[in-house]
Amino acid sequence: MMNQLFRRKQYSESDHSSGLVRALGVWDIVFFGIAAIIGAGSFSSLGEAVFRGGPGVIILYVICGFACGFTALCYAEFASRIPTAGSAYTYAYASFGELIAWIIGWALIMEYSFGNIYVAFSWSDYFTSFLGRIGIHLPEYLTCSYMEAKKAVLAGSQNRELLRAWSSAPLIGNLKFIVDVPALIINGLITWLVYVGVRESKNFNNIFVILKLFIIVLVIAVGVAYINTDNWFPVSTVTGENSFMPNGFAGVMSAVSGVFFAYIGFDALSVLSEETKDPQKNLPRGMIISLVLCTVIYIILTLVLTGMVDYRRFEGIGDPLAFIFERTNANVAWMEFVVSLGAIVAITTVLLVFQMGQPRIWYAMSRDGLMPKKFLTIHPKHKTPSFATIITGIVVGVPILFTDKSFILDFTSIGTIFAFVLVCGGVLMLPAKEKLPGRFHMPYINSRFIFPVLFLGGVAFFYFWQPEFFASLMDWNDAIEGEFRISMFFFLIINCILCVVAYMRNLSLIPLLGLSSCLYLLTGMTHDNWFWFLAWFGIGLIFYFGYGFRKSKLNRELNGDLD
Ligand code: ALA
């Protein structure tokens, strides 16, 4: 049984996507990187992240930047080893076998489909804000989700739109009718576009990247003039003194989902390995440059936002880059207009990329027998995976009716970080390989001494820098830090074990740092996040053992019953 769970798919050199031309240089990779990375995370989830962590949330952007940089190199290593373009699912199937591949494929649903639910909500926020600018005011109960409004009321939120949505919503029986209509409509439209086979094009891609960067640079250039540096040091809710981290380090860590979400997408770059000129140099450079650029952008944006408006006012704000120019804030009407319009276009491209990615992953899983054959259906005219595309539309659309932004953000982030943990951990287990010219190879640095020194040094540094965070972790009556206590405990134990293994087996440093930093990000997840995440995995495993395990193509090959 164990052997069967870890049966691996063999790819031969003939699977090599040799038809691809190596045309991409380092800046092409950077452009693709920015296209995939910058979207709803910067235009939207930044608001909630700032509300939770205050200006100090920039520390988390740096930590996430590092975690993603190490993980990106692990993806590149995988991509160069498996002679076929693909996703983490494909790589895992060849390296670790079926069960892990299934788990990663299942986690990727959280990244792509659930990620898109959040992006659709964000699109709706900017769309509504844009309509408001041109004098069209939709009732609030048609522009936000039921759960979001309900949570706002229960939490005594100050967000006027959400409170109004709740108080003005018509009743259907006992239920308040609150639906995010623009989010539903954009999901329908995007599903249709993907269904009829809209194509990605490098030229369009470049135009959208320039547009995104233009808007961000404009926000920074105009916003700088309105910064009041006092806003960077508000009164701390923990110590009562002025602080860069007004909700303490726990507040910063509680923003993990929103911050991490802003980086999701770089993993798509690894698939370009077969199309990159001199991938050994250009691929890692391109990935790292795009991550560094995005990190710098996020830090500057955070400083501008928190300098212009008190961090507490970002509660529930889904369109922060337009919000800072509202009448009650900087009051620059034309900026509000330009930013909302630009954000609508920029976010649409992210929706498109994710909505195209999901059916293709299902297609690959179905080809391997792990998903029903129906997912292989190709539309006779449009030549798109039509059934898988429609199911994606439903998987994104239905939860829009009964979930809310913060839940979806946490859910997407925890699933994606988990997939990254598996990818980094997986690279650590790959056997050494022969170096082939023209392929990317992760540089090997022996972690034997470096990792234990970095880990223990990091813990010591943290202890002296944030003594109150440590103290409250130890204080069993402290409910807020208590959320992170168990995860932090696991994090420390696992890292101690990793120190020993690194010492004994001379592990490679880069994937080890990727693994450790992604595990660290998981410590920011609350008990609720873990509950839903485990429930989702439970469903995945039931599905696998009830269907995929038996129907898997490898299984049937083994038993000689392929049709
Ligand atoms: N990083 C992507 C975004 O922010 C998912 O939209």
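Summary of computed values
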| read-out | value |
| --- | --- |
| Pairs where the first residue, in the stretch 5-33, is basic (Lys, Arg) and the second is modelled with pLDDT under 75, C-beta under 9 Å, 6+ apart | Arg7/Leu558; Arg22/Glu274; Arg22/Glu275; Arg22/Gly438 |
| Any hit, the stretch 505-522, residues being surrounded by fewer than 17 Cβ atoms within 10 Å (Cβ to Cβ) and more than 24 Å from Glu111 (Cα to Cα) | yes |
| Residue check for Leu376: of a type outside the set (Lys, Arg) and under 27 Å from Gly135 (Cβ atoms) | no |
| 3 or more residues closer than 17 Å to Ile288 by Cβ and within 14 Å of the ligand (Cβ to nearest atom): qualifying helices (runs of 4 or more DSSP H) within the stretch 22-138 | 26-37, 57-81 |
| Gly197 being modelled with pLDDT under 90, on the phi > 0 side of the Ramachandran plot and not aromatic (Phe, Trp, Tyr) | yes |
| Unmet requirement for Tyr126, which otherwise passes all of (1) over 15 Å from the mean Cα position of the chain (by Cα); (2) more than 23 Å from Ala40 (Cα to Cα) | (2) |
| Test: residue in the stretch 374-393 that is modelled with pLDDT of 90 or more, closer than 30 Å to Gly316 by Cβ and buried (at least 19 other Cβ atoms within 10 Å of the Cβ) | yes |
| The stretch 35-52 residues that are within 18 Å of Phe249 (Cα to Cα), paired with ones that are of a type outside the set (Val, Ile, Thr) and within 11 Å of the ligand (Cβ to nearest atom) (beta carbon under 6 Å, 6 or more apart) | Glu48/Gly258; Ala49/Gly258 |
| Failed condition for Leu534, given (1) modelled with pLDDT under 90; (2) farther than 30 Å from Tyr444 by Cα | (1) |
| Helices (runs of 4 or more DSSP H) contained entirely in the stretch 206-311, each with at least 2 residues that are at pLDDT 90 or above and within 14 Å of the ligand (Cβ to nearest atom) | 256-261, 279-308 |
| Selected residue [among the aromatic types (Phe, Trp, Tyr), without any contact (Cβ under 8 Å) to a residue 40 or more places away in the chain and surrounded by 14 or more Cβ atoms within 10 Å (Cβ to Cβ)] from Trp232, Trp166 | Trp166 |
| Flag for Ile190 being crowded, with 22+ Cβ neighbours inside 10 Å, within 16 Å of the ligand (Cβ to nearest atom) and within 30 Å of Tyr363 (Cβ to Cβ) | yes |
| Residue check, Leu492 surrounded by fewer than 16 Cβ atoms within 10 Å (Cβ to Cβ), touching a helix residue (DSSP H, G or I) at 6+ places or on another chain (Cβ under 9 Å) and assigned to a helix (DSSP H, G or I) | yes |
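Each row is one residue, and each column tells you yes or no for (1) within 16 Å of the ligand (Cβ to nearest atom); (2) within 25 Å of the chain's Cα centre (by Cα); (3) under 25 Å from Gly97 (Cβ atoms); (4) among the hydroxyl-bearing types (Ser, Thr, Tyr).
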position: Phe354; (1), (2), (3), (4): yes, yes, no, no
position: Gly357; (1), (2), (3), (4): yes, yes, yes, no
position: Met365; (1), (2), (3), (4): no, yes, yes, no
position: Gly369; (1), (2), (3), (4): no, no, yes, no
position: His379; (1), (2), (3), (4): no, no, no, no
position: Ile394; (1), (2), (3), (4): no, yes, no, no
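The values are calculated or read from the model by the stated rules, or taken from the named source; none is laboratory data. Computed from a predicted model, the values in this text were never measured in an experiment. For neighbour counting, all protein chains shown are included, and Cβ atoms are generated from backbone atoms with ideal geometry for every residue, glycine included.
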